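Down below is the structure, laid out as structure tokens.
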Amino acid sequence: MKVISFSIFKGGTGKTTSAVHAAVALAQKEKKVLLVDLDQQASSTRYLNIDPDTVNPNLYHVFTGNVSPATAIKKTEFGIDLLASNSLMAAIEEAMEEGDEEKFSQIITPLRGNYDFILVDSPPGKAMLAFNSLVAADLILVPAAAERMAIDGISDLINHVQNIMWDKYRLDRQEIRILFTMYKATTSHSPGIVKNARKIWRDNVLPMKIPEAIEFPRSYDKKTPLNIYQPKHPGALAYSALADWLIKYEKA
């Protein structure tokens, strides 16, 4: 199985949307999937129609050692399992010190045999929980909005991983792939951004592109992923293509 971290230090790039929809798309292809919400904002938890203020136990209780990871897993109505977050994860972030970067990896290790994929929705910024997600990952998937600042955001994460984390934790087994989101096919800007990224990172830029669509924020408001209620929407089809790629990657 593979642990896949959806990570980028910049916010607002469709990271949560990508983690949720990739997880559901994999489940629709009969894969057993666990989604871990590492972000104290608990957006993935809310997206899956689970109230972070009432879910108990949750990931906070796992980090504090009060419950086992398996005990905190919640079934969702969308065919995937969830390790839910809530605002108490801010206390975990605050308590972490240098040397705690492998804590999350230790938490999910006992779960690896139970799933085909563990997907992680990482917090933005260079926070300790974000670093925990990177250390635990077999594959780092970078959701980047197809906009002017995209190259800088991608470079920031890749340079940090390759120049700091790989050296410190000997993580050269990891691979990094870039997923462009909020793609506007009818403009010259988005295609230009992707073209420039491919010149730099070549085949590490994934072939599918997630279109900008008002239906994504609407699906969040509905607390129902788009690939559930509009499976033929171009955005849902793009995440289905991502799931196909991940399945091939998992078998490689």
Checklist entry - So how many Lys-Lys pairs in region 1-98 land under 26 Å Cα to Cα, not counting same-chain pairs under 8 apart? => result 18
Item to check | Over region 140-227, volume per residue of the alpha carbon convex hull, in Å³ | outcome: 122
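Grab the DSSP H runs of the chain that are 4 residues or longer, score each as -39,500 (n - 2.57), total them, divide by all residues and round the 222 nm result to the nearest 500 deg cm²/dmol.
Details: 13 runs with 108 residues, N = 252.
That calculation yields -11500 deg cm²/dmol at 222 nm.
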Checklist outcome for this item: In Å, the C-alpha Rg and Dmax of the chain are 16.9, 52
Item to check | Equivalent-ellipsoid semi-axes of region 1-118, from the Cα gyration tensor, Å, largest first | outcome: 21, 16, 15
Checklist outcome for this item: Highest mean packing first, using Cβ neighbours within 10 angstrom, the peptides 1-13, 134-146, 50-62 sort as 134-146, 1-13, 50-62
Checklist outcome for this item: Residue span Glu94 to Asn114: 0.36 nm per residue of separation minus Cα-Cα distance leaves a gain in nm of 4.2 nm
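Loop only by DSSP, 11 or fewer other Cβ within 10 Å of the Cβ. Give me the trypsin sites (Lys or Arg not before Pro) in region 190-252 that pass, ordered by residue number.
In loop regions of region 190-252 (DSSP not H, G, I, E or B), the sparsely surrounded trypsin sites (Lys or Arg not before Pro) are Lys232.
Once the other residues with Cβ under 11 Å from the Cβ of Leu83 are scored (Lys, Arg +1; Asp, Glu -1), what is the net sum?
Details: positive: Lys74; negative: Asp37, Asp81, Asp121.
Every neighbour counted, the sum reads -2.
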Next on the checklist: For region 71-186, take N as its residue count and report Rg(C-alpha) divided by 2.2 N^0.38 Å.
Outcome noted: 1.16
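Using 0.36 nm times the number of residues separating Met149 and Arg202, minus their current alpha carbon distance, what extension gain do you get? Mind dumping the intermediate values first?
Numbers: separation 53, 0.36 × 53 = 19.08 nm, distance 1.84 nm.
Once the chain is fully extended between Met149 and Arg202, it gains 17.2 nm.
How high is the relative contact order of the chain, in percent, with contacts defined as C-alpha pairs under 8 Å that are six or more residues apart? Mind showing how you got there, number by number?
Working: 480 pairs, mean separation 67.2, N = 252.
Dividing the mean separation by the residue count of the chain yields 27 percent.
Laboratory data are not the source of any read-out in this text; all were calculated from the coordinates shown. Computed from a predicted structure; not experimentally measured. FYI the Cβ positions are ideal-geometry reconstructions off the backbone, even for glycines, and counts take in every protein chain you see.
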